Amino acid sequence: MKFINVLIQSLLALTFSAYSFAVDKIVHVAVDHAPPYSRLSENNHPQGLILDILKYAELTSGKKYKIKAVPCPFSRCVRLLSKGKVDVMGGLIKTPEREKIMSFVEPPYMVLSSSFVFYGRQNSDIEVNRYEDLQGKRIAVMRGGAFFPQFDKDKSLNKVAVPSERVAVDLVLRGRVDLVIAVEDTADIAMDVLDQPMHKLKKMQYRHTQPIYGYMAMSESFANSGLGDHISQQMQTMAKNKTLDKLVAPYHLPKIPAQLINPSSSLSPH
C-alpha cells in the first residue's frame, strides 16, 4: 500500500510538472487593431509585426513555446499587460509612467523619424499653427496612448479619450471633437486600411517632430520568468544579426540604428 501511495504521488507530481511546463510554454500576446502594424480581420483573427517577430524567434530559438494572440482594444491591451493578464504587447512608446508597470525589451523594433500631427475637418475654420493653438480645442486621443511629453503632461488641454483610431476620426468628421492626433508617417496608411475618407480631413500646420520608438513590452512577472528572459535575449540577438531589419522591412519600417543595438557605439549621448 505504501508503495502504491508513493507511486500515485510520483505520478501526480509528474502530471503537475508537465502541466506547469505546458502553461509556461504559452505566451499570451495582446494585439490591438493598429494598421498597418497590427490588425484584426472581420473574424477577429489577429496578425501583425509583433506576432511575426515572436513566431520567428520561436522557430529559431530551439526553445518551443506556443503563441496565443489576445485581441483587444488598445487601452484594454495596455491594462491587461500592466496587470499580468497577458505576457507581451508590441509597438509601445516607453514612458516613465509605463516603466513602473511593465518591462520594455531593448532595442525598439519600430523606429520612426516622424511627426505627431493634428487633423481636423476639411471644411472647418480651425487652424493650429503653434502648440498654444491647441488650447480650447477638443482633441481625440487614444485611451491609454502616449504621444510626446509636452502634450502628454499638459492637463490644460481638452483631451477626449476614445477606444480606437476609427472612433477618433469618426468624431472629427461628425464635429463631436475638433482634432485628432496621429503619427504623420502612418496616418495615411491607417486611414486607408480603416476605410476612412482622408480627403475630408485637413492636416494642421503645427507638428511635433522627434524620433518615435516602438518597443516590445512584457508584464513584470513574465519579464522575470525564464521564458521572458529568453525572448528578451532573442530580441537582442535578432537585432545584432539584422534579422529584425528583415522582419520589419515588409511593414516599410527602417533598419534599427546601430546606436540603439549597441548604445556604447554612439559617440555622444542623446
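Being at pLDDT below 95 and farther than 16 Å from Glu165 by Cα is a property that does not hold for Pro108.
Take the residues of segment 59-75 that are of a type in the set (Val, Ile, Thr) and crowded, with 16+ Cβ neighbours inside 10 Å: which is nearest to Ala146 (Cα to Cα)? Even if it seems obvious, please write down each step before you answer.
Restricting attention to segment 59-75, the residues satisfying the condition of being of a type in the set (Val, Ile, Thr) are 60, 67, 70.
Going one step further and asking which of them are crowded, with 16+ Cβ neighbours inside 10 Å, we end up with 67, 70.
Values: Ile67: 26, Val70: 21 Å.
Among them, the one singled out is Val70.
When the residues of segment 198-252 are filtered to those that are within 20 Å of Leu59 (Cβ to Cβ) and among the acidic types (Asp, Glu), the one that is surrounded by the fewest Cβ atoms within 10 Å (Cβ to Cβ) is Asp229.
One line per residue, one yes/no per condition, for (1) farther than 16 Å from Met142 by Cα; (2) of a type in the set (A, V, I, L, M, F, W, C):
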site	(1), (2)
Pro73	no, no
Arg76	no, no
Leu81	yes, yes
Val88	yes, yes
Leu92	no, yes
Glu97	yes, no
Ile101	yes, yes
Glu106	yes, no
Val111	yes, yes
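Would you pick out the residues in segment 173-183 that are under 24 Å from the mean Cα position of the chain (by Cα) and buried (at least 18 other Cβ atoms within 10 Å of the Cβ)? Before you say what the answer is, go through the steps one by one.
Going residue by residue through segment 173-183, those that are under 24 Å from the mean Cα position of the chain (by Cα) are 179-183.
Within segment 173-183, Leu179, Val180, Ile181, Ala182 qualify.
The values are calculated or read from the model by the stated rules, or taken from the named source; none is laboratory data. Worth saying up front: this structure is predicted, and the values here are computed from it rather than measured. Ideal geometry is used to build each Cβ from the backbone, glycine not excepted, and the neighbour counts take in all protein chains shown.
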